[in-house]
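Below: one structure, written as structure tokens.
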Amino acid sequence: MKIDVELEDLWDAVACQKESSLSWERCETFMDIVIVLDGSNSIYPWYEVQDFLINILQKFYIGPGQTQVGVIQYGSTVVHEFSLGEYQTVEEVVEAARNIDQRGGEETRTALGINVARSEAFKRGGRPGAQKVMIVITDGESHDSPQLQQAVPDSKEDNITMYAIAVLGYYNRRGINPEAFLKEIKFIASDPDDKHFFKVTDESALKDIVDALGERIFSLEGTSSQGRGFGLQMAQAGFSSHLVKDGILLGAVGAYNWNGAVLKETKHGKDGILLGAVGAYNWNGAVLKETKHGKVVPPKSSYKDEFPEELMNHGAYLGYSVGSLISSRGSQLYVAGAPRFNHTGKVIVFTLKNTGNLTILEALLGEQIGSYFGSELLSMDINGDGHTDVLLVAAPMFYSEGWEKGKVYIYTVTPQTSFILQGALEFSDRSQNSRLGSALAQIPDMNGDGFRELVVGAPLEDDHQGAVYVFYGQDKTIQHQYRQRLSAAGFNAGLQYFGQSLHGVLDVNGDGLVDLAVGALGAAVIIWEEQQGGGSTTSSPPSPCSTPCSTPSFSSSSSSSGVWYSLALDERRFPPRAVLDELDRQQRRSLVLQTGGGPSCQRLGFSIQETTDYGRPIAVVLETGQQNLDEGPVLDPDWPSVLRTELPFWNGCEQEDTCVPDLVLHGHTDLTDVQSFCSSKDRDTWSLCGHQRASEEDSVYVVETGRRRVVVSARLENQGENAYGANIHISTSSNLLFSSLIVKVKSPSYSPSLKAIPHTEIRSFRAGTLAPPVSGIHHCLQDAHRHKEMKTRTKLNQTKVINLSLDQNESQMNRRHPVKAE
């Protein structure tokens with residue numbers, strides 16, 4: 001209540017100070033207005049006149065120290081409907097106007113109405129020094145026209161400004177020439193006629209002149225006898241406010257033709273409030289300051305560089321939002337938003353001395369027309385070192401992809417107190433109106449990392465139900481991805497525009513944590529804050545027992561917090577190669593974490609099943625969660641709730657993940673080579689033997705006519721480390737049929753265990769021999785060349801190839817080239 005009184009006193013002093021001084025003049029809305037209303041029988045329909053009366057009354061600044069309104073109705077006689085000062089607010093005056101009935105009358109005695117208004121109405125509640133304004137509304141020539149020659153000059157001699165409105169409905173309905181009537185009405189109106197005379201075609205057209213009449217009366221209100229435009233008359237000091245170290249900062253958006261201004265009031269060094277006054281200087285706005293020696297208003301020239309005269313008609317609304325920041329040098333700077341500047345918006349950073357010297361240090365410009373850049377400002381000391389880290393500037397009406405989504409710009413404050421655009425908070429995946437940034441608030445650290453957090457309102461989301469978003473601070477900036485969304489739709493309370501205002505300073509429920517107040521349409525919501533707990537979750541590596549552990553890291557009034565966890569082994573294989581000793585391997589288990597205590601662990605046993613797959617490790621998955629989501633600390637979303645790791649088998653090699661084998665493949669066949677074949681005396685004359693002697697090849701194999709099978713022997717030897725998954729591939733030509741495979745020598749098998757070597761490996765310094773016979777040899781080969789290929793492969797992709805090519809020589813014999821190893 002103390003603050004309200006101080007602001008009211010400040011407004012009275014700024015806007016409507018009665019004492020004249022060099023710096024301050026009387027509020028120029030200090031006016032007495034009497035409306036002289038024709039209620040004769042020719043006025044029809046009456047409700048049109050009544051609607052006009054209500055609409056024009058709503059244009060006036062009615063209140064103590066400002067405008068007073070009285071109404072008289074005349075026809076044949078005059079009636080005082082209500083007097084000046086009888087009603088003190090716009091609402092009261094409008095309600096009184098709704099109850100005015102048409103009095104009627106056979107005559108229209110306009111001169112009588114003017115005389116009564118001049119001599120009586122301005123004395124009933126009239127104030128000395130108030131500007132006098134009379135508005136005459138009539139639909140025909142007066143029956144006491146001669147008396148107008150005296151009544152009108154007398155009124156003007158009393159310094160009454162006369163507005164006259166001619167309603168031509170009666171004349172148009174009857175086809176009467178209104179020339180004489182219009183001449184009479186122009187005589188009533190003050191000069192010049194184009195500023196004070198109005199005419200409408202009928203009663204229903206009165207609504208069309210409401211704005212024009214209001215603007216002309218405003219022009220009278222905002223113009224002094226010297227002809228100045230608006231200065232601080234419409235300042236609206238207090239439109240925005242902000243606490244600063246040495247006083248009160250006020251926004252005055254209506255100052256200087258609605259370009260706006262900023263005011264400051266100090267209380268001998270005590271903390272105060274920073275307020276905006278949007279109406280100063282014709283709604284351009286301004287900045288004002290009050291000290292113990294009086295109020296200090298920076299001159300209009302202080303803004304001319306950033307708010308040039310040619311843009312005055314845009315109504316920048318400087319002071320729509322105000323704030324302050326602390327530079328790295330410890331000096332206090334002020335910021336103020338002008339969201340309508342040049343239609344795109346502007347934010348200025350400035351200093352303000354008690355002498356009235358305002359110096360603009362930097363200006364930040366908006367990028368989109370109509371986005372209202374600068375309508376909300378927030379400076380944040382994220383890491384708590386006493387210096388401002390970022391300045392947040394909201395553009396809640398930023399338009400994107402056909403929706404009014406909103407945007408919050410993040411400016412980093414450098415050590416040189418310059419502002420670098422770091423990015424923006426915005427949603428590109430939302431197809432709805434949002435107005436993100438309609439409200440901004442800083443709240444204390446929630447997740448225990450020591451950095452303050454940001455709350456942003458989006459009151460148009462979910463079909464105007466609204467939502468708020470929580471963004472975490474990190475180092476000296478804000479994380480761009482929101483961490484929590486609170487939607488009014490989830491409260492089932494019928495809220496609208498939830499998030500249009502925010503406040504996060506007070507601990508309402510006394511739990512030691514700051515709570516968040518969120519404003520909505522006609523309602524406010526208090527949201528309790530819960531401390532967020534972080535912790536490390538681990539699982540011990542390979543042994544017959546796994547030990548899940550969790551180490552809490554939080555500060556809370558609660559001494560403990562319960563969590564659940566589940567452990568799964570080889571979850572994607574069936575059957576799994578490892579199982580927990582308990583039957584239900586997916587069963588959730590509980591673990592209690594003590595505040596400030598060490599790790600909390602539980603040992604779980606498991607067994608390895610008989611398997612031939614020792615090459616791939618066993619997958620281990622540990623999932624955790626909070627038991628009670630409504631009480632105590634909450635889990636930190638930065639910490640993973642699912643831990644995935646692997647349990648490998650021992651490979652028996654020097655390196656844990658690599659084995660280097662040295663495979664040697666030997667191969668031979670039971671066929672007779674040509675040299676041995678031709679050594680017989682009865683064969684040396686054969687053409688085959690003659691061909692062999694002429695050949696440069698060392699050895700050729702011979703297949704005789706009666707032979708039905710060929711045996712190829714292979715011997716695979718590993719002279720290096722273990723070779724896992726080694727295998728031999730045997731391929732034959734299409735005219736040979738594979739008969740069988742005989743394993744003559746093999747490595748001894750081992751029982752599988754955690755350190756076992758499976759029988760599928762080829763151990764070092766072991767050899768194996770394979771003798772696969774091949775049957776079904778045809779006498780006549782279809783192709784000139786045939787080959788038999790043997791390969792061995794390991795996981796290291798080492799391959800040795802032996803080709804035994806067969807050549808057709810005669811119809812009853814085949815010649816075979818020597819074995820070649822690749």
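A short reminder: the numbers here are calculations on the coordinates, not readings from a lab. In this text, all values refer to a predicted model and were calculated from it rather than measured experimentally. Methodologically, a virtual Cβ is constructed for each residue, glycine included, from the backbone with ideal geometry; neighbour enumeration extends over all protein chains shown.
Computed quantities for the displayed model
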read-out	value
Fewest-first ranking of SER379, SER204, using other Cβ atoms within 10 Å as the exposure measure	SER204, SER379
Segment GLN602-LYS186, length gained on full extension (0.36 nm per residue, minus Cα span)	139.9 nm
Alpha-carbon centroid distance for the pair the range 43-71 / the range 315-355, whole angstrom	38
Estimated FRET transfer efficiency (GLN58, ARG173; beta-carbon r; R0 25 Å; 0.05)	0.30
Approximate spin-label separation ASN357-THR658, in nm, with each point projected 7 Å along Cα-to-Cβ	7.2
Neighbourhood net charge (13 Å Cβ-Cβ; Lys/Arg +1, Asp/Glu -1) for ALA189	+2
Separation of the ASN41 and GLU120 label points, Cα + 7 Å toward Cβ, nm	2.3
Lys, Arg +1 and Asp, Glu -1 on Cβ, resulting dipole of the range 31-221 about Cα centre, debye, nearest 20	240
Where labels lie 7 Å past Cα in the beta-carbon direction, separation of GLU582 and ASP463 in nm	4.6
Above-threshold pairs, the threshold being 30 Å between Cα atoms, out of LYS407/LYS476; LYS245/LYS304; LYS183/LYS207; LYS353/LYS405; LYS207/LYS407; LYS59/LYS156	LYS353/LYS405; LYS207/LYS407
R0 of 30 Å, Cβ-Cβ distance THR77-ASP194: FRET efficiency to nearest 0.05	0.35
Nearest-0.05 FRET efficiency for ASP208 and GLU610, computed from C-beta distance (R0 56 Å)	0.05
